[in-house]
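One structure below.
The values are calculated or read from the model by the stated rules, or taken from the named source; none is laboratory data. Since the model is a prediction, treat every value here as computed from it, not as a measurement. Ideal geometry is used to build each Cβ from the backbone, glycine not excepted, and the neighbour counts take in all protein chains shown. Just the protein is used for accessible areas: all its heavy atoms, side chains included, with ligands, DNA and RNA removed. Shrake-Rupley method; radii C 1.70, N 1.55, O 1.52, S 1.80 Å.
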Amino acid sequence: MTQVRIGVIGCAGRGEMAKHWHVPHEDSIVTAGADVSEKALEWFKENVNEQAFITYDYRALLERTDVDAVAVVTPDHTHEQIVCDAFAAGKHVFTEKPMAITTEGCDRMLEAW
C-alpha cells in the first residue's frame, strides 16, 4: 500500500482532526494545510505537522504534487466550490457534511466527480 498524502482545507474546528491523520510511520501523512486564519495555520503547524506547507489560498494547496487527497472541513457554504476545484485538480476528496447547502450544489459536486 502507498502512503496517502493529505491536504487539509480548513485547519480550525473540524479540521483539528487532521492530527489523527498524520501518521508518517504508517499509511497517511498530512503534507499541507490551507486556512484563512493565521491562528489556525499556526495551530496546524504546531499540532499536526511542523514541516507541512501552509497557505491562505486553498487553490495553492490543490496545485501541489505532494497532495493526493484533500479533506474539506470548511464552513458548509464553501464546500461546493472547493470540492469542485479539488476534483478538477485531480484530487481524491473527503468533505464534511453537509455535502453542500443546496441540492443543485450537490448535483454540481457529483458532476465534477
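Output wanted: per-residue J couplings in Hz (rounded whole) for segment 31-48, from phi through Karplus 6.51 cos²θ - 1.76 cosθ + 1.60, θ = phi - 60°, x for Gly and Pro.
Computed from phi, the couplings for segment 31-48 are 9, 7, x, 10, 6, 8, 9, 4, 4, 5, 5, 5, 4, 4, 4, 6, 10, 10 Hz.
Expressed as an acute angle from 0 to 90° and rounded to the nearest 10, what is the orientation of the C-alpha long axis of helix 79-88 relative to the principal long axis of the chain?
80 degrees
Would you mind checking the tilt of helix 103-112 against the longest principal axis of the Cα atoms of the chain, expressed as 0 to 90 degrees and rounded to 10?
The helix 103-112 is inclined about 60 degrees to the chain.
Would you please state which residues of segment 2-26 a label at Ser37 would reach in this model, taking the label point 7 Å out along Cα→Cβ and a backbone N cut-off of under 13 Å?
Only 10-17 fall inside the zone, counting backbone N under 13 Å.
Summarise the accessible area of the chain (1.4 Å probe, protein heavy atoms) by the percent that is carbon and sulfur. Working shown, then result.
On the way: 3400 of 6530 Å².
Percent of accessible area from carbon and sulfur atoms in the chain: 52.
Quickly rank 99-107, 78-86, 53-61, 5-13 as a protection proxy: mean count of other C-beta atoms within 10 Å, highest first.
The peptides rank, most packed first, as 5-13, 78-86, 53-61, 99-107.
Can you tell me the dipole magnitude for segment 61-113 around its Cα centre, using point charges on the Cβ only (Lys, Arg +1; Asp, Glu -1), in Debye to the nearest 20?
Numbers: 4 positive and 10 negative charges, 17 e Å.
The calculation lands at about 80 debye.
In nm, to one decimal, how far is the modelled label at Thr102 from the one at His77, with both set 7 Å along Cα→Cβ?
Here the answer is 1.3 nm between the modelled labels.
May I ask you to give the solvent-accessible area per residue for the chain, in square angstrom, as obtained with a 1.4 angstrom probe?
58 Å²
For segment 71-113, count all C-alpha to C-alpha pairs, find those more than 16 Å apart, and express that count as a whole percent of the total.
Every Cα pair in segment 71-113 considered, those over 16 Å come to 20 percent.
Using modelled amide H (1.01 Å from N, peptide plane; none on Pro or chain starts), what sits under 5 Å from the amide H of Gly33, excluding residues fewer than 5 places away?
It is Val8, Phe53, Ile54, Thr55, by chain and number.
Just subtract the alpha-carbon distance of Phe53 and His25 from 0.36 nm times their residue separation and send over the number in nm, one decimal.
8.2 nm
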